[in-house]
Structure formats: structure tokens, C-alpha cells
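Enquirer: The following block contains the structure, expressed as C-alpha cells.
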Amino acid sequence: MKTTKLFLFLFCIVLLGCQEGDQKRYLPSSIGPINSLAVVMDDDLWKGAVGDKVREHFAAPVLALTLNEPKFSINHFPPKTFTGTTRSSRSILYVMKDSLDLAHIKTDLYASPQRIGVVKGRTVQELIANIDAKAGAMIEAFKGVEIKENQKRFLKSLNKEGVLEKNFKVSIDIPSVYTVGRQEDNFVWFDRQILKGTANIVAYTVPGDRFKNDTTLVRDIVSMRDTIGKKFIPGPDNPGKVTYMRTEPAFAPHVFHTEIGGRKAIEVRGLWDVKNYPMAGPFLTYIIEDPEKNRKMVIEGFVFAPAAEKRDDMFELEAILKTIRF
């Protein structure tokens, strides 16, 4: 009898485990444009100070773009309308008055992949405080799931030229719509046509002992970019003038320490222009440690699209660059 009861007990555990696994397995795929955010909150909160605080954080301008573009395109839903397929949004922020005072992030609740930021508070002041406290972590979580979704979309068709593997012993998942436009000793340039312009990826290396002095880091990075631009990235013909891509001299780039491809790196976001010619746009550069080869690997994405929005094009470039493997 005891053996039979033990068997039944174990069978129930296995059955429940299978049911939980099935529930996770059968979650619908999340939906929505890249960098869209569903914000679920009552109309009175949305129109007041709480909504202002949400917009302050989640619709803040993206760093280093030529136009003022928000981090996320926000779609507001009152709770009673947040049903059906809208629950399958990939990134969701849920804000509500409640008897609890908390803020946290949930994963794959209604769909997969999905991140849901939940903010609760007993008063408007508590809601605002919780948004301030947790917005940074939520933005990173939303951005992470959007990056992975972007990568999943372009993995279906990749560039097979193998130029980076041959020249630098690294690989990057570059969509097939990008083709090699220039290949020199220690320099490769991919580009593709986008609406009203081009999206570009360049790769090169610098000696491993570069950028050791933090006090001159920004100046040294600008010097590196300008040297490469002058040598490899010419501007349009302008009679009697030398034209090439450089770092926009009027704006210092934003520099951060980060990790990419499992290695320490420097992230640089800023604006480029063409010396002696009216062209400009945003760029994103990663300078990655490669001590085994006593070098630093530099990969950069930049966009040229006059008077056009560039957030999503730059976001695609970031998603591409972050696939680097040594």
C-alpha cells in the first residue's frame, strides 16, 4: 500500500510538472514593432503627474541622434481595454494604485519573449517614487528583449562573405542586405540602403596599448575616429576642399565602460559630420579588448539619412554589433 501511495504521489508531481511545462511551451509569441511599449494605467493617472513621470523616463530622447526621438514609442491602454492580443505585446509597463507599494519586473507572463514592468503604490507620490527607483532597470529589461527580437529577425538571412573572419578572426551576424563596399588592410566597410540614406558598419583594429589614459580618453577616441575617417571614409567631392568623415567637433561623444562579446569594452555614442561638406548623422562605436592578439577590435555603426528618423536604424546596428564573437 505504501509503495502504491508513493507511486501515485510521484506520478502527481510529474503530471503537475508537465502541465507547468506545457503552459510555458504554449505561450503565444510576443508581438509589436521594435521599440514599442504598451503602458497600462487608468486615464486619470495617465493624464496627470504619474503619466508625466512615465513619459519623462520611457519617452526620454535617445542619446546622440540628430532628431529628438523617444526611447520607446508608447501606446497607452486603460486596464479594461488591455485584453486579447494587446497582452502579447513584447514590452509592457503596468502602473496602478494598490494596497501594495512595490515595483518589479515579470517575465513571459502572457507571451514569450516578454518583459512586464509592474509599478504599484497607495498614492500618486508612491507611484512616482517607484517609477523613479525602477525605471532604469525596466528600460534595460525592455531594451534587452527588443535587442534579442531584432537579432532574431535578421538571423533568417545573413551575409556569407566571411570578410570579418578572414581579416580579423571575429564573426558578426550581419544581415544579407549589408554588402562589403570597401575592404583594405585593417579596414572593412559594409553598407545598405535605407529610407533616404544608408546604414553602415565599419571594422578595424588598433594596438592593444591604446586608451590607457582616462584623462585623455575622449580626445584619444576622437583622434582615432578622425584618423580612420580621413584615411578610409571620404566625403563627396567639393572642389578645392578635403572632405572626410570625422567626429562632429561641436559635440563631445558620450563614453561608457561596458562589456560586449564577453570582453571589456568602451561604448561611444555621438555625432559624425563630413569636414568641409554639409553631411552629418549618429554613430555607435565599440572598442573591445582583445589581449590574446595584443589589439583592440573596433566596430562601428553609423547612419546617413538627412531629415529622417534614425532611432530604429541605429538600434538595428546596435543589435548587429552586439553579436560579435571572437
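Enquirer: Note down all Cβ pairs under 7 Å where the first residue falls in segment 110-128 and is at pLDDT 95 or above, the second is open to solvent by less than 10 Å² (accessible area, probe 1.4 Å) and of a type in the set (Phe, Trp, Tyr), and they're at least six residues apart or on different chains.
Expert: ARG115/PHE142
Enquirer: Now, a different point. Quick check: anything in segment 92-101 crowded, with 19+ Cβ neighbours inside 10 Å and not hydrophobic (A, V, I, L, M, F, W, C)? Before the answer, list the steps.
Expert: Looking only at segment 92-101, we keep the residues that are crowded, with 19+ Cβ neighbours inside 10 Å, and these are 92-93, 95.
Going one step further and asking which of them are not hydrophobic (A, V, I, L, M, F, W, C), we end up with none.
Within segment 92-101 (the criterion being crowded, with 19+ Cβ neighbours inside 10 Å and not hydrophobic (A, V, I, L, M, F, W, C)), the answer is no, since none of the residues qualifies.
Enquirer: Are any of the residues in segment 79-87 under 24 Å from the mean Cα position of the chain (by Cα) and either touching a residue at least 24 places away in the same chain (Cβ under 8 Å) or open to solvent by 70 Å² or more (accessible area, probe 1.4 Å) (or both)? Walk me through it before giving the result.
Expert: First, the residues of segment 79-87 that are under 24 Å from the mean Cα position of the chain (by Cα): 86-87.
With the extra rule that they be either touching a residue at least 24 places away in the same chain (Cβ under 8 Å) or open to solvent by 70 Å² or more (accessible area, probe 1.4 Å) (or both), the set shrinks to 86-87.
Yes: one or more hits.
Enquirer: Report whether or not THR258 is surrounded by 17 or more Cβ atoms within 10 Å (Cβ to Cβ) and of a type in the set (S, T, N, Q).
Expert: On the way: surrounded by 17 or more Cβ atoms within 10 Å (Cβ to Cβ): no; of a type in the set (S, T, N, Q): yes.
No, not satisfied.
Enquirer: Just to be sure I understand, how many residues within segment 194-218 are of a type in the set (A, V, I, L, M) and assigned to a strand (DSSP E or B)?
Expert: Here is the first cut: in segment 194-218, the residues of a type in the set (A, V, I, L, M) are 194-195, 199, 201-203, 206, 217-218.
Now restrict to residues that are assigned to a strand (DSSP E or B): 194, 199, 201-203, 206.
Number of matching residues: 6.
Enquirer: Those residues that are loosely packed, with under 15 Cβ neighbours inside 10 Å, closer than 19 Å to LYS322 by Cβ and without any contact (Cβ under 8 Å) to a residue 24 or more places away in the chain, I need them from segment 156-171; list them, please.
Expert: LYS156, SER157, GLU165
Enquirer: Follow-up question, since we're still on this one. Return the residues of segment 109-155 that are farther than 19 Å from ILE34 by Cα, open to solvent by 50 Å² or more (accessible area, probe 1.4 Å) and among the basic types (Lys, Arg); say none if nothing qualifies.
Expert: Within segment 109-155, ARG122, LYS134 meet the criteria.
The values are calculated or read from the model by the stated rules, or taken from the named source; none is laboratory data. Bear in mind the structure is a predicted one, so any value in this text is a computation, not a measurement. Virtual Cβ from ideal backbone geometry, glycine too; neighbours counted across all protein chains shown. Heads up: the accessible areas ignore ligands, DNA and RNA and are worked out on the full protein's heavy atoms, side chains in. Shrake-Rupley method; radii C 1.70, N 1.55, O 1.52, S 1.80 Å.
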